[in-house]
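Asker: Have a look at this one.
Read-outs: derived from the displayed coordinates by stated rules, not from any lab. Predicted, not measured: the structure shown is a model, and the values here were computed from it. When we count neighbours, we look across all protein chains shown, and the Cβ atoms used for this are built from the backbone with ideal geometry, even at glycine.
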Amino acid sequence: MIRPIVFYPDPVLRQVAEPVGEVTAEVRTLADDMIETMYDAHGVGLAAPQVGVSLQLAIVDVSHDPECISYLRVNGEPATLDDVCPIVFTNPELELGGARDTDVEGCLSFPDLRGDITRPFEVKATVQTLDGDTLVIETDGLFARAIQHETDHLFGKLFIDRMSSAKKMSIRRQLKEMQQQYG
């Protein structure tokens, strides 16, 4: 089922989401709905707060672009995007460091708004699957960026928070219009 996407400035987008404990049928249905919603909206990621549920659950799928990464390891073993995407993960813990990269990001909760965002180019993410497995994902490029973006959502951080001061000033009017339209 396609769920409505929550738009800025909805307060759920600023909440620190609750960790996922027991994976119930309701959580599995939410994950299935989120996958369908993400594909319908032509996104590469979606976090539960973006559909109004304050839960540490997110989905990423960048398999449409196999060249968007230079490496991928899962639990220390080489993997491909087709092996892991779409990935549904809960309770992520990220290790960030190394070189940073600036690229254009958008967000399904901010229609028609995009901006240059600087993030670490690589990520090591320890996540839980709905089956209770722990995965350690090491990657770079768009996959790393998408994991970081969705994890930010789970902790109440939005991509606009990572924009430069100059960019924030340039989008002030758009944000004010969103507050009036969706607030």
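Asker: Quick one: which of Leu57, Leu81 is in contact with a strand residue (DSSP E or B) (Cβ under 7 Å, 6 or more places away or on another chain) and within 17 Å of Val123 (Cα to Cα)?
Answerer: Working: Leu57 fails: within 17 Å of Val123 (Cα to Cα).
Only one candidate qualifies: Leu81.
Asker: Determine, yes or no, whether Glu26 is surrounded by fewer than 17 Cβ atoms within 10 Å (Cβ to Cβ) and not in a loop (DSSP other than H, G, I, E, B). It would help to see each step written out before you state the result.
Answerer: Details: surrounded by fewer than 17 Cβ atoms within 10 Å (Cβ to Cβ): yes; not in a loop (DSSP other than H, G, I, E, B): yes.
Yes: the conditions hold for Glu26.
Asker: Would you check which residues across the range 1-56 are free of Cβ contacts under 8 Å to residues at least 40 places away in the same chain and of a type in the set (Phe, Trp, Tyr) and list them?
Answerer: Within the range 1-56, Tyr39 is the sole residue that qualifies.
Asker: Further question on the same structure: What is the residue count in the range 136-150 for residues that are over 19 Å from Val104 (Cα atoms) and either of a type in the set (Gly, Ala, Ser) or buried (at least 16 other Cβ atoms within 10 Å of the Cβ) (or both)? Break it down into steps so the answer makes sense when it comes.
Answerer: Our first condition is that a residue be over 19 Å from Val104 (Cα atoms); within the range 136-150, this holds for 136-138.
In the following step, the residues that additionally are either of a type in the set (Gly, Ala, Ser) or buried (at least 16 other Cβ atoms within 10 Å of the Cβ) (or both) were identified as 137-138.
Number satisfying all stated conditions: 2.
Asker: Give all pairs with beta carbons closer than 6 Å in which a residue from the range 154-180 that is surrounded by fewer than 18 Cβ atoms within 10 Å (Cβ to Cβ) meets a residue that is assigned to a loop (DSSP other than H, G, I, E, B); count only pairs at least 6 apart in sequence or on separate chains.
Answerer: Qualifying pairs under 6 Å: Phe155/Val16; Gly156/Gln15; Gly156/Val16; Gln179/Pro9.
Asker: Which condition from (1) β-branched (Val, Ile, Thr); (2) over 25 Å from Pro9 (Cβ atoms); (3) assigned to a helix (DSSP H, G or I) is the one that Val20 breaks?
Answerer: The failed condition is (3).
Residue-wise test of (1) crowded, with 16+ Cβ neighbours inside 10 Å; (2) farther than 23 Å from Gly106 by Cβ.
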{"position": "Met1", "(1), (2)": "no, yes"}
{"position": "Val6", "(1), (2)": "yes, no"}
{"position": "Val12", "(1), (2)": "yes, no"}
{"position": "Ala17", "(1), (2)": "yes, no"}
{"position": "Asp32", "(1), (2)": "no, yes"}
{"position": "Met38", "(1), (2)": "yes, no"}
{"position": "Ile59", "(1), (2)": "yes, no"}
{"position": "Glu67", "(1), (2)": "no, no"}
{"position": "Gly76", "(1), (2)": "no, yes"}
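Asker: State whether the residues of the range 114-129 include one that is in contact (Cβ under 8 Å) with a residue 40 or more places away in the chain, closer than 30 Å to Met178 by Cα and among the aliphatic types (A, V, I, L, M).
Answerer: yes
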